[in-house]
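Right, one structure below, let's go through it.
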């Protein structure tokens, strides 16, 4: 799996080369890192690299591909750029049916689906929770609407960019 992470002054190519338990071998641009990543609590992770430990909190930003990463001393706004995001940007974006479909930028496991098909949802309401790389991410509705289709069930393993939940906008 490869993707890009963009901050205000840098875009880094990231690829997970190996993962076994909490140990990851990750390539960032052209450098390989070996990391031990442990989930401390929801949204909070301890990352150990070369014996140094950093705690970070990942908080969903104003869109599904944006996160605010908080460390003890810094806050970073990051954007996850996956294949679907690159395609959408290259094709001019715009509101289309895919904007109604929630997907995860990376493979993961479906932890919880707090909605059912036919449920009314409000903008910002959590519709699915995915665990990927030892992090749980809540995916929220981008607008008021109705859950039109749920493509997965709790416990399923998903591929990157696979459709998870489709929401029909309210009129």
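The values are calculated or read from the model by the stated rules, or taken from the named source; none is laboratory data. From a predicted model like this one, the values you see are computed outputs, not experimental measurements. With ideal geometry, Cβ positions are generated from the backbone for all residues, glycine too; neighbour counts draw on all protein chains shown.
Being crowded, with 16+ Cβ neighbours inside 10 Å and modelled with pLDDT of 85 or more, is that true of even one residue in the range 85-97? No, because not a single residue in the range 85-97 is crowded, with 16+ Cβ neighbours inside 10 Å and modelled with pLDDT of 85 or more. Restricting attention to the range 19-36, the residues that are outside any strand (DSSP E or B) and either within 19 Å of residue 80 (Cβ to Cβ) or in contact with a helix residue (DSSP H, G or I) (Cβ under 8 Å, 6 or more places away or on another chain) (or both) add up to 1.
Of all residue pairs spaced 6 or more apart or on separate chains, those with beta-carbon atoms under 8 Å, a first member in the range 119-133 that is in contact (Cβ under 8 Å) with a residue 24 or more places away in the chain and a second member that is outside any strand (DSSP E or B) and surrounded by fewer than 17 Cβ atoms within 10 Å (Cβ to Cβ) are 120/144; 120/170; 121/144; 127/114; 128/114; 132/107. Counting only strands (runs of 3 or more DSSP E) wholly contained in the range 105-150, the ones carrying 2 or more residues that are touching a strand residue (DSSP E or B) at 6+ places or on another chain (Cβ under 6 Å) and under 18 Å from residue 67 (Cβ atoms) occupy 108-112, 126-132, 135-140.
Of all residues in the range 67-84, those satisfying the criterion of being part of a strand (DSSP E or B) and at pLDDT 85 or above are 67, 68, 69, 70, 75, 76, 77, 78, 79.
Just for the range 1-21: of the residues that are loosely packed, with under 13 Cβ neighbours inside 10 Å and free of Cβ contacts under 8 Å to residues at least 60 places away in the same chain, which one is nearest to residue 161 (Cα to Cα)? Ranking the qualifying residues of the range 1-21, first place goes to 18. Taking each residue of the range 23-36 that is without any contact (Cβ under 8 Å) to a residue 12 or more places away in the chain and looking for partners that are assigned to a strand (DSSP E or B) and surrounded by 13 or more Cβ atoms within 10 Å (Cβ to Cβ) with beta-carbon atoms closer than 7 Å, six or more apart or interchain, yields 25/17; 25/34.
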